[in-house]
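Notes follow the structure.
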Amino acid sequence: MKISVLVPTRSRAEYLRETLRTIAAATRACPVEVEVVVSDNASDDDTPQVCAEAGIPGLVHIRQPARLSMRQNFEAALQGSTGTHVVFIGDDDAVAPHGLLRLSEMIAAGDHEIVKWRVVNYVWPDPSRGLPGTVTLRTNKLTGRVRRIDPKALLDSFANGRIATYQNGAMIYHGCIRRSLIDRVRATQGGTYFWTTCPDVYAALANLLHARTPILAADIPITIGGASPRSNGTAGKEYTKTASTPDASEYALFLEELKGDAFLGRTPSTCASINLVTIDALQLSHQMAGRPLVLDEAAWARRVAGELAGLAPAVAAEAKAQAQVLLGNAAAAIPVPAAAPLPAAAPLPPAGPAISIGLARLRLSGGAAMAGIVPAAQLIDQLCGAETPFARLPRRLPGMVLRAAGLVLRAQAWKRAGPPG
């Protein structure tokens, strides 16, 4: 067993430094070989120095001579890796301190090509707006429950539009895919694994289509998803509300880098509907594999309609036009919202440490523990009971309830006296 942790990056050295710190700590705690690959998309900052000083033995730094699309940079990272099992994370994300140890236990637990976990999201501080770092933990989603999922049944749920999010698929981004499955997907796609403007979405569906073993899933945090002020996702959300892409914005750079990439599918780079991106991935992956796809177009049209409500009219109109390409007549029922005033700015949360505790949700904001993704990852690891071996995670409801209650109790202890020991 050899785990490859792959980090595509582009000129975000200040965040990458912290991401690599979390990977270094997780690697030291992991009993199996770990390979770390950073695919540097021609960064114009201190990224090479950050990689050199990361303290990760054997770190592979692949530097592109010129800017690539995000999809191409993902592909380059994958081609530069050699592990039997592959995990992608972003350059403002993190690995939990015991994450790779737990992942190695899950991989060793049986014949599973796909390993999944619950991703906790960390919002980085934004000093320019006076916003502190924040984490929201949903106790009913972090129960430690272990289950095995039939990939065919899950793929049917996608075709029928009965899934909550594309992240329910077989993710390689904040998920783990065995190399043999990656090679099987590639073999049907002319040697290219990632396709479309959202390579993580596409891979999540293609992996499901070609999987031959049950998915192993556990409701524990192995990685932490970061949302920094410079995230592509953050910039993209701003575009959907305003239909504006300032020339120097992260989103404008993202769009510029996509030009000339021949593997982007049918969804335009400016498409604001993740549901349409998901449909494109479903259709394209089935087409290349020569497999039939029966899509519930009416169900997907309803999902797209709900998604477009509240977007800028020009953005919604573009998405509806794309829906007509992918869904045909079913797209006629999708309304385009009229112009609406931008929502009033929400009041700023307190700058100091604050915690809101409920039975189903814990919200931690501000203070030293939320000042960066390194201390946040450490606290999440502690609160979620990282010391529990995988073999002792619950398979039944009573154990899940106890795990959720323990998470609340540990959060209460942190509120009273600081992070648990």
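The values are calculated or read from the model by the stated rules, or taken from the named source; none is laboratory data. All of these numbers come straight from a predicted model, not from anything done at the bench. No Cβ is skipped: glycine too gets one built from the backbone with ideal geometry, and neighbour counts run over all protein chains shown. Heavy atoms of the whole protein, side chains included, go into the accessibility calculation; ligands, DNA and RNA do not. Shrake-Rupley method; radii C 1.70, N 1.55, O 1.52, S 1.80 Å.
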* Asked: Farthest toward the dipole's positive end in segment 1-70, which of Ser43, Val5, Leu20, given Cβ charges of +1 (Lys, Arg) and -1 (Asp, Glu) about the Cα centre?
  -> Val5
* Asked: Based on Cβ point charges of +1 for Lys and Arg and -1 for Asp and Glu, what charge dipole magnitude is obtained for segment 85-164 about its Cα centre, in debye rounded to the nearest 20?
  -> 460
* To do: Answer rounded, prolate or oblate for the chain, using the Cα gyration tensor with square roots of eigenvalues a ≥ b ≥ c: rounded when a/c is under 1.5, else prolate when a/b is larger than b/c, else oblate.
  => rounded
* What figure in square angstrom, to the nearest 10, would you give for the accessible area of Val123 with a 1.4 Å probe? -> 70
* For segment 61-200, what's the relative contact order in percent, using C-alpha pairs closer than 8 Å and at least 6 residues apart? -> 41
* Structure fact -> Asserting the computed 222 nm helical MRE of the chain (DSSP H runs at least 4 long, -39500 (n - 2.57) per run, divided by residue count, to nearest 500) equals -12500 deg cm²/dmol
* Under 12 Å from the Cβ of Arg363, count the other residues' Cβ atoms, weight Lys and Arg +1, Asp and Glu -1, and hand me the total. => +3
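Remind me, relative contact order of the chain in percent, using alpha carbon pairs under 8 angstrom and six or more residues apart?
RCO, the chain: 20 percent.
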* Asked: Nearest 20 debye, what's the magnitude of the dipole of segment 1-144 about its Cα centre given +1 on Lys and Arg Cβ and -1 on Asp and Glu Cβ?
  -> 400
* Which loop GluC sites (Glu not before Pro) in segment 287-320, with loop taken from DSSP, have no more than 14 other Cβ atoms within 10 angstrom of their Cβ? -> none
* Asked: Straight-line reach from Lys2: which aspartates and glutamates have a Cα under 17 Å away, not including same-chain ones fewer than 8 places off?
  -> Glu33, Glu35, Glu105, Asp111, Glu113, Asp183
* Using θ = phi - 60° and Karplus 6.51 cos²θ - 1.76 cosθ + 1.60, couplings along segment 282-297 (whole Hz; Gly, Pro as x) -> 4, 5, 5, 5, 5, 4, 5, 7, x, 10, x, 9, 9, 9, 7, 5
* Unit charges on C-beta of K, R, D, E only; dipole of the chain, Debye -> 1600
